[in-house]
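A short worksheet on the structure shown next.
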Amino acid sequence: MPVAARIPLHHEAAQSLALALVQSSNAPIVLLDGHLKVIEASASFFRAFQIDAATVRGKTLSRLGEGEWNVQQLTALLKATLAGHAEIEAYEMDLERAAGTPRRLVLNAQKLDYGDADGVRLLLTIADVTDARVAEKLKDDLLREKAILLQELHHRVANSLQIIAAVLLQSARRVKSEETRNHLYDAHNRVMSVAGVQQQLAASRLGEVHLRAYFTELCNSLSASMIRDRDQLSLGVEADGSVIDADVSVSLGLIVTELVINALKHAFPDHRAGKIKVGYASKGTDWALSVSDNGVGMPADAASAKPGLGTSIVEALARQLDAKVRIANGRPGTSVSIVHG
């Protein structure tokens with residue numbers, strides 16, 4: 001197939017096309033000649049920068065207005081663009097005016113060369129991003145302030161939980177009733193579990209939470225506070241690389257702590273050795289969280305037994321996550337899974 005010959009655009013026709021483009025533009029545009037003199041500018045340019053249209057044609061860009069366009073770096077870049085030595089793409093500058101606040105501008109320049117040395121033109125487009133930059137700074141300031149407030153909140157919550165846990169532990173040591181002492185120890189363990197969740201969330205700075213690291217740190221905290229002999233009892237994590245929202249991770253963290261507490265309380269009587277494993281895997285929107293042990297397993301009358309506080313908490317949290325609780329005999333031990341999907 002024959003290739004169509006390229007027909008050069010006549011100088012007058014090219015300039016007429018460029019003028020039409022400038023005059024019809026809703027964005028601030030200036031057409032400059034090879035000496036950086038204004039040939040034409042869009043009406044939006046005159047309005048945006050409060051310049052009298054009758055006074056600009058034939059003037060160099062640096063002489064427009066009250067001299068605010070006389071910026072040496074901009075002039076140098078425009079000359080370099082005309083010479084083909086540089087390109088102006090998303091160049092940012094502050095336009096300082098005697099009256100009013102400085103405006104933040106983003107400039108782009110396109111050289112129009114039609115093969116005639118006297119016909120070289122420069123098309124300069126200007127975008128005023130002052131308001132956008134102010135909004136960005138306000139957003140950054142608010143986020144920074146929010147981070148400071150959250151850090152202070154986490155600090156106060158952590159202190160309060162430590163005080164509550166200490167009071168419960170002291171009370172447990174003083175009471176004579178064995179039943180009351182066990183209840184106080186249970187309350188202390190639950191406060192410590194909430195403190196562990198809160199500590200890990202504070203470290204993650206909210207937002208998205210990487211579950212493997214989150215569960216690992218949480219289990220390390222639980223092990224340090226609740227397992228006396230780590231050679232006898234171990235608590236480990238097997239999780240994929242899932243990342244979830246912080247609000248979901250709170251529920252998952254509380255479920256893990258409740259199930260771990262339950263396993264430590266019931267699965268290893270008489271100082272029995274064993275292992276507890278926290279597992280998590282997801283595929284698309286479906287996921288499964290499990291806590292399994294190799295302890296003594298469920299009692300024969302487990303189905304008819306009245307659910308304890310820990311079981312009620314886990315079931316309530318699972319409902320919040322639109323998930324189901326499944327309990328299986330691990331032979332040996334017990335496995336409790338929270339399944340979504």
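The values are calculated or read from the model by the stated rules, or taken from the named source; none is laboratory data. Note that this is a predicted model, so its numbers are computed, not measured. Reconstructed Cβ throughout: ideal geometry from the backbone, glycine too, with neighbour counts over all protein chains shown. Ligands, DNA and RNA are stripped out before the accessible areas are found, and what is left, the full protein with its side chains, is counted by its heavy atoms. Shrake-Rupley method; radii C 1.70, N 1.55, O 1.52, S 1.80 Å.
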Run down 221, 193, 171, 204 and say which single residue is open to solvent by less than 80 Å² (accessible area, probe 1.4 Å), modelled with pLDDT of 75 or more and under 30 Å from the mean Cα position of the chain (by Cα). 221
The condition of being in a strand (DSSP E or B), open to solvent by 30 Å² or more (accessible area, probe 1.4 Å) and either out of contact with any strand residue (DSSP E or B) (no Cβ under 6 Å at 6 or more places or on another chain) or closer than 19 Å to residue 294 by Cβ (or both) holds, among 248, 278, 237, only for 237
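Name every residue in the stretch 304-329 that is assigned to a helix (DSSP H, G or I) and either at pLDDT below 90 or open to solvent by less than 70 Å² (accessible area, probe 1.4 Å) (or both), in order of residue number.
Residues of the stretch 304-329 assigned to a helix (DSSP H, G or I): 309-320.
Result: 309, 310, 311, 312, 313, 314, 316, 317, 318.
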Residues of the stretch 64-112 that turn out to be among the polar types (S, T, N, Q) and loosely packed, with under 12 Cβ neighbours inside 10 Å, as a count: 3
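Just for the stretch 118-137: of the residues that are of a type in the set (A, V, I, L, M, F, W, C) and within 17 Å of residue 102 (Cβ to Cβ), which one is most open to solvent (accessible area, probe 1.4 Å)? Steps first, answer last, please.
Pass one, the stretch 118-137, residues of a type in the set (A, V, I, L, M, F, W, C): 120, 122-124, 126-127, 129, 132, 134-135.
Add one more test, that the residue is within 17 Å of residue 102 (Cβ to Cβ), and what stays is 126-127, 129, 132, 134-135.
Details: 126: 8, 127: 45, 129: 27, 132: 47, 134: 92, 135: 56 Å².
Looking at the filtered set, the residue picked out is 134.
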